[in-house]
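What follows is one structure encoded as structure tokens, with my remarks underneath.
Just so you know, all these numbers are worked out from the coordinates, no wet-lab data involved. Quick caveat: nothing in here was measured; it's all calculated off a predicted structure. Positions of Cβ are generated from backbone atoms using ideal geometry, with glycine treated the same way; all protein chains shown enter the neighbour counts.
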């Protein structure tokens, strides 16, 4: 075991050289507690649908690699503050991408780091076997990070590190090397419930349990009509939500910019809303393609931009909203434009909606138009 102890230290030293902020080691035993949580989450209908559906694969490393002996967990800290952020104003309203979408797509950044660790191990042990994952892999990044002592599993369902708070990206490598495991951290959340209390949609059911179907971060990524109950909670969010992180006392004063590729482009992460509505797929990819927040394409972002204009009650946007309502081929976008027009209100809005009521053939859009007219009449 002395050889593996030395190799572990060499790997830790190398991780610092390649700018990995935290590294930890965990046993590759099944995640039995997580299995129970995931089964309950499925029974309650709390899952998002984006995650691996096979709970056995999510909780048993032996189904992913032949005779796994340990898991290497890594964390990279990301920035939490925008320097000289552009300010939205009347006639020039802006949306917002969450912090986890700033800079280059974190999946790419972490995979590069894990690949370097793979190469390092292969040079030392030519017969080594491994399987690396970031976010979209079968294993739960958070469960692995918690077991590996990267941080503790917090009430906001994030991993909190003493050094960087919860502003960290996580990845892991399953391997057949028997590295000695590190010690998990005890939760430091105590009696604090700030994240639970601040969640706009009450998605944090209790400490450490999330109803993804209510979570704004999840809702911003859906492609259908956003349920009405959640529209007014969206604010100007285009992708993701940081509320349960920004209110956390452990994140106070935590801001790290050690990775140049994570540096946010202000005009990308806080873009003007109106230009988003007429953007082609090609323009969207050129402008936002390198961000993780672009993975679902432009449709959810455009739908959310319409809801943001409704939030601001931006009257000067009525002409472009009218173009969308009468000219966009996608029912979800037309219907959401009708909702935005109804929220902005006024005589022009009523006229636009009445015209749409006569012309619109799609039932779901017509329903949105009628509801928007009703909302106008209840104000008058």
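Under the rule of -39500 (n - 2.57) per DSSP H run of 4 or more residues, summed and divided by the residues of the chain, what mean residue ellipticity at 222 nm is obtained, to the nearest 500 deg cm²/dmol? Mind dumping the intermediate values first?
Numbers: 17 runs with 163 residues, N = 380.
Rounded to the nearest 500, the figure is -12500 deg cm²/dmol.
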Compute the acute angle (0 to 90°) between the alpha-carbon long axis of helix 363-379 and the principal axis of greatest extent of the alpha-carbon atoms of the chain; round to the nearest 10°. 70
Crossing angle, helix 298-312 versus the chain [Cα axis fit, 0-90 degrees, rounded to tens]: 60
Take the Cβ-Cβ distance between residue 224 and residue 9 as r, set R0 to 35 Å, and report the resulting FRET efficiency rounded to the nearest 0.05. 0.10
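With N set to the residue count of the chain, report its C-alpha Rg divided by 2.2 N^0.38 Å to two decimal places.
Numbers: Rg = 23.2 Å, N = 380, 2.2 N^0.38 = 21.0 Å.
That works out to 1.10 for the chain.
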Which ordering of 353, 44, 306, 82 is given by a fewest-first count of other beta-carbon atoms within 10 Å? 44, 82, 353, 306
Largest fluctuation, 320, 216, 23 only, Gaussian network model of the chain with Cα springs under 10 angstrom, belongs to 320
Rounding to the nearest 10 and keeping the result within 0 to 90°, find how far the Cα-based axis of helix 331-344 lies from the longest principal axis of the chain. 60
Zone of residue 374's modelled label, taken as backbone nitrogen in segment 320-356 under 15 Å from a point 7 Å along Cα→Cβ: 339, 342-343
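Averaging sequence separations of C-alpha pairs under 8 Å and six or more residues apart, then dividing by the length of the chain, give the relative contact order as a whole percent.
Working: 683 pairs, mean separation 74.1, N = 380.
Over the chain, the number comes to 19 percent.
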Jot down the radius of gyration and Dmax of segment 194-379, Cα atoms only, both in angstrom. 17.8, 56
For a quick check: sort 140, 317 by the number of other beta carbons within 10 angstrom, fewest at the front. 140, 317
Roughly how many nanometres apart are two label points built 7 Å out from the Cα toward the Cβ at residue 19 and residue 316? 3.9
What is the spin-label model distance, in nm, from residue 51 to residue 192 if the labels are put 7 Å beyond Cα along the C-beta direction? 2.3
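Under the 0.36 nm per residue contour assumption, what length would be gained going from the current alpha-carbon distance of residue 285 and residue 127 to full extension? Working shown, then result.
Values: separation 158, 0.36 × 158 = 56.88 nm, distance 4.02 nm.
Once the chain is fully extended between residue 285 and residue 127, it gains 52.9 nm.
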Which of 175, 246, 336 has the fewest other C-beta atoms within 10 Å, and how do the rest follow up to the most? 246, 175, 336
Figure the gain on full extension for residue 84 and residue 112 (residue separation times 0.36 nm, minus the Cα-Cα span) and round it to one decimal in nm. 7.1 nm
Over segment 194-379, what relative contact order in percent results from Cα pairs under 8 Å that are six or more residues apart? 18
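Pulled fully out, how much extra length does the chain show between residue 42 and residue 347, if you take 0.36 nm times their separation in residues and subtract their Cα-Cα distance?
Numbers: separation 305, 0.36 × 305 = 109.80 nm, distance 4.70 nm.
Using 0.36 nm per residue and subtracting the Cα-Cα distance, I get 105.1 nm.
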Take segment 255-351, compute every pairwise Cα distance, and split them into 10 Å bins from 0; I just need the percent in each bin. 15, 44, 27, 11, 3, 0
Nearest 5 is fine: what % of DSSP beta bridges in the chain come out antiparallel, could you say? 95
